[in-house]
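Throughout, read-outs are computed from the coordinates displayed, never taken from laboratory work. All values derive from a computational prediction rather than experimental measurement. Quick reminder, even Gly has a Cβ in these numbers, built from the backbone with ideal geometry, and neighbours come from all protein chains shown.
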Amino acid sequence: MHEAGVTLASDAAVVRARRRALLAVVACYAAIVAVLFAESLFGGKVLVQLDALYRFEPWRSLRPDHVPANELLLDQSIVMLPWNDFAAEELRKGELPLWSPYGYAGLPLVGACQPAIYWPLHWLHYAFPSLNTYAWTGSLELLLTGLFGFLFLRRLALANLAAALGGLAFMLSGFQVLWLGHPMSNVGMLVPAMLWAVERAAARRRPGDHALFGVLVALQLVAGHVQTSMHASAFVAAWIVFRTFVATNTPALRARGLRGLIVGAGFGVILASPQLAPVLEYVVLSQARTELARTDLTASFPVADAASLLVAPLRFGSPLSGDWAKHLTGPNLNFNELNGGYVGRLALLLAMVAVAGLARRGGIRARTAFFAIATVFAAGVAWHVEPFHAFARAVPGFAQTKLLRGLLFVAFGLAVLAAIGLDAMLARLRRARVPVGIACCAIVAVELLAFGRGYNPQIDPALCLPATKTTDFLRAQGPTFRTVGLDNTALMPNANTFYRVPMLSGYDSVEYREVTELVLRAGKTRPDFAFVSRMNAFDNIDALPMLSLFGVRWILSPVPLPPPLRLAADTEVDVWENPGAMPKAFAASALEVIEDGTARVDRIASATFDPRIAVLARDSEAAARWRASRAASAAPDAVVELVRYEPREIELRVSATRPELIVVNDAFAPGWHAHARNDAGERELVVERVDHALRGIWVEPGEHTIVMRYDPASTFASLVLAALAAVALLMLASRTPPRDAVRDLAINVASGPAPR
């Protein structure tokens with residue numbers, strides 16, 4: 001009994017020491033992050049990049065000499081930040097932000113993926129919709145990145161200081177710091193978390209760990225970047241296979257544990273279905289489905305130059321010094337993309353020590369080999385080295401992703417190898433273990449802080465989203481007519497969402513195919529990548545009738561425009577009015593049937609097109625009744641009144657003396673439903689595609705109140721499935737038996753070393 005009591009007390013002391021070490025590491029990580037973002041956390045600034053908008057009108061006229069802190073991060077200002085702002089407003093109104101009317105002719109916001117409305121760190125902004133929250137969410141994301149890295153590395157039986165260095169190197173790595181504020185870093189944060197859950201499942205073999213893995217799988221799928229989630233899922237799957245079949249001197253994933261992880265992951269995918277289902281619906285109908293498959297999304301770069309950035313990330317300059325872009329040839333070869341694998345020189349040296357064979361213990365050797373191979377493979381894929389790059393492109397779906405972002409796994413692999421290398425060094429030391437370990441961590445922290453500090457702008461809030469004469473005028477006109485810029489950078493799409501000004505242009509990597517096919521005709525030059533977001537200008541005057549069909553009433557142009565356009569407001573960038581712009585909803589004056597899609601686009605984009613004509617892809621009984629009614633009577637046209645226009649709901653009042661086709665010049669999309677109410681009751685109307693890309697509904701004679709609402713069946717079904725998956729994961733977790741103190745202590749000791 002005495003020996004058992006001594007053992008139990010000893011185990012308890014080890015656990016207390018491990019917990020103290022964990023708290024110390026978290027405190028150190030938090031202090032480092034606080035240094036990184038001190039001005040926005042404590043100094044009254046905000047961690048956003050909105051000052052990059054001063055490159056464009058109408059903001060440029062307010063501060064013509066302003067130099068953006070880091071204009072390479074413009075995507076934050078025109079993608080994530082405006083969509084977060086809109087989502088927060090909709091949620092405060094009690095609506096799910098499923099549809100945005102402010103870009104293109106409307107788009108499914110959840111389907112665009114990057115708004116990531118189900119991502120928990122965004123909930124802080126939704127609860128406290130202020131630019132100040134981004135400093136706290138960004139800091140929390142980096143802190144969790146380091147914490148998950150530390151926990152995973154400690155599960156590999158590495159010393160606390162070695163695990164702390166590895167977690168730190170990944171926390172401040174190029175990928176996590178340079179992409180902070182983008183959804184890719186959200187997914188990156190969860191890579192070590194998922195591996196940690198796998199290791200827990202291998203060591204403890206409890207259903208609760210399988211449930212934890214499922215939750216983490218769901219989180220990385222709702223993090224806002226499907227492409228990086230695909231990469232991360234492949235990497236985690238490779239680790240699971242490795243842990244199942246390769247001996248590492250730690251408990252392997254037996255068949256039962258493997259089945260548990262598969263079950264947990266399956267429930268995790270279902271839990272994430274409210275995000276995944278809209279993305280799938282959008283992609284299937286998108287321009288991206290074919291356009292992104294036709295070429296590599298990143299240009300090749302000399303391997304020696306790319307590898308040199310692991311040692312000298314500023315070798316070719318930096319966006320902060322304004323000299324990076326002149327060294328580039330090809331798409332997406334920017335500082336962020338090419339420096340994603342950077343973890344600092346000391347961490348790289350320690351990784352080389354690990355690979356050189358200093359870590360000779362059997363289990364460590366096998367894991368060193370895994371991460372060394374994974375790092376080389378990821379670098380080969382990212383840097384277009386064959387056969388690695390060709391192999392990755394052959395994986396279904398991977399050709400549509402930016403494989404250069406495989407540098408995430410170069411950064412993570414090097415961080416893990418650095419921890420293994422330091423662990424091996426510390427094992428050979430005696431009295432100097434602690435000071436050497438602390439010194440190495442301090443050097444890595446200083447090196448990476450010097451690299452990353454200032455890269456994510458911390459700016460004066462007064463610079464963010466000022467009111468302008470242009471935006472004030474457009475907001476006063478209401479949300480029912482659209483705007484375009486002659487130069488497609490005016491009121492930079494999608495920054496117009498901040499001001500709730502609808503534009504026909506947009507900034508999204510998906511885009512409804514039919515909308516894109518039409519809108520591209522409004523420019524004289526077709527962009528290399530055939531997306532509206534890549535258009536240079538709306539400068540094809542022959543397409544004015546098509547723009548009128550889309551309800552484009554306002555054109556931003558600093559130069560005079562020809563009649564019938566007329567100057568409406570003298571602002572920073574003059575606002576010109578198109579008097580022929582069609583209202584949000586109107587009754588078609590004539591019908592044309594054109595079955596061929598290209599011919600249909602040609603007709604609608606022609607200079608002779610009448611926007612009051614509805615162009616159909618096929619004939620129907622409703623169209624026949626419409627024609628018959630015109631032949632039998634010369635009744636007056638229907639009266640269509642827009643009663644209410646909200647992002648997800650439109651209310652119309654229609655008075656018709658014969659059958660009518662009501663056109664709504666918003667994008668046709670699955671999920672839009674319509675109901676008509678009158679004295680006879682309520683009935684459902686079919687929403688059809690008209691004019692190639694817009695919505696139409698057939699209305700019978702009489703007085704009707706019509707409500708059109710965006711309620712995709714997939715949203716309700718996926719929310720129900722997600723709720724059931726959450727219950728299933730809770731039930732799976734509840735199968736974990738009550739704690740046995742002696743066994744838990746033994747497991748805790750086995751899962752990592754005592755502090756050295």
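Of note:
- Charge-dipole axis of the range 634-741 as Lys and Arg at +1 and Asp and Glu at -1 on Cβ define it, positive-most pick from ASN665, ALA717, ALA634: ALA717
- The C-alpha atoms of the chain define a longest principal axis, and helix 81-92 lies at about 80 degrees to it.
- FRET E, pair ALA467, GLU646, Förster distance 22 Å, beta-carbon r, rounded to 0.05: 0.40
- Charge dipole of the range 585-713 (Cα centre as origin; +1 on each Lys and Arg Cβ, -1 on each Asp and Glu Cβ, all else neutral): 120 debye, rounded to the nearest 20.
- Nearest-0.05 FRET efficiency for VAL376 and ASP305, computed from C-beta distance (R0 22 Å): 0.80
- Top positive-direction residue, dipole computed over the chain with Cβ charges, set LEU140, ALA605, PHE335: LEU140
- Gain on full stretching of the segment that runs from ALA476 to SER633 - 0.36 nm per residue minus C-alpha separation: 52.4 nm
- Label-to-label distance, LEU62 versus ARG683, with points set 7 angstrom from Cα along the beta-carbon direction: 5.2 nm.
- Annotation: extensible slack from ASP85 through ASN536 equals 159.7 nm (criterion: 0.36 nm per residue apart, minus Cα-Cα distance).
- Charge sum, other residues only, whose C-beta stays under 12 Å from VAL501's C-beta, Lys/Arg counted +1 and Asp/Glu -1: +3
- Taken along the Cα-to-beta-carbon direction at a fixed 7 Å, the label points for ASP619 and ARG205 span 7.2 nm.
- Sequence of LEU153, LEU143, LEU310 once ranked by neighbouring C-beta atoms within 10 Å, starting from the fewest: LEU143, LEU310, LEU153
- Pairs of lysines in the chain whose Cα atoms sit within less than 26 Å of one another amount to 4, provided the residues are eight or more positions apart or on different chains.
- Contact order for the chain, expressed relative to its length and based on alpha carbon pairs under 8 Å spaced 6+ residues apart, stands at 17 percent.
- Of GLU57, GLU649, the sequence from fewest to most neighbouring Cβ atoms within 10 angstrom is GLU649, GLU57.
- Since only PHE529, ALA369, VAL573 are under comparison, the one whose Cα sits farthest along the positive direction of the charge dipole of the chain, derived from C-beta charges on Lys, Arg, Asp and Glu, is ALA369.
- Helix 133-155 axis, angle to the chain major axis (alpha carbon atoms, nearest 10°): 40 degrees
- Percent of C-alpha pairs per 10 Å bin, the range 474-569, short to long: 16, 54, 28, 2
- Compactness ratio for the chain: Cα radius of gyration over 2.2 N^0.38 Å (N = residue count) comes to 1.06.
- Using distinct alpha-carbon pairs, which all enter the 1/r mean, Kirkwood radius of the range 585-713 in Å: 15.1 Å
- Neighbourhood charge, 13 Å Cβ-Cβ cut-off, centred on LEU616 and excluding it, Lys, Arg +1 and Asp, Glu -1: -1
- Of the trypsin sites (Lys or Arg not before Pro) in the range 190-269, those whose Cβ has at most 16 other Cβ within 10 Å and which sit in DSSP loop: ARG205, ARG254
- Residues whose amide H falls under 5 Å from that of VAL687, counting only those 5 or more places apart or on a different chain, are ALA674, with hydrogens built in the peptide plane.
- Going from the residue with the fewest nearby Cβ atoms within 10 Å to the one with the most, HIS384, HIS673 rank HIS673, HIS384.
- Angle of helix 713-734 to the longest C-alpha principal axis of the chain, folded into 0 to 90 degrees and rounded to 10: 20°.
- Rounded to the nearest 20 debye, the dipole magnitude of the chain is 3920 debye, with +1 charges on Lys and Arg beta carbons, -1 on Asp and Glu beta carbons, and the Cα centre as origin.
- Note that the range 615-622 has calculated 3J(HN,Hα) couplings of 9, 10, 7, 7, 7, 7, 5, 5 Hz, one per residue in order, obtained from phi through the Karplus relation 6.51 cos²θ - 1.76 cosθ + 1.60 (θ = phi - 60°); glycine and proline are x.
- Theoretical ellipticity at 222 nm over the chain - DSSP helices of four or more residues, -39500 (n - 2.57) apiece, nearest 500: -15000 deg cm²/dmol
- Residue separation of ARG92 and ALA237 scaled by 0.36 nm, minus their Cα-Cα distance, works out to 48.3 nm of gained length.
- Taking θ as phi - 60° and the Karplus parameters 6.51, -1.76 and 1.60, the scalar couplings of the range 628-633 work out to 4, 5, 6, 6, 8, 8 Hz in sequence order, x denoting glycine and proline.
- Each Lys or Arg adds one and each Asp or Glu takes one away; over the other residues whose Cβ falls under 14 Å from the Cβ of VAL35, this sums to -1.
- Förster radius 25 Å - calculated FRET efficiency between ARG19 and VAL434 (Cβ-Cβ, nearest 0.05): 0.90
- Pairwise label distance in nanometres, ARG259 with PHE245, each label 7 Å out on the Cα-Cβ vector: 2.0 nm
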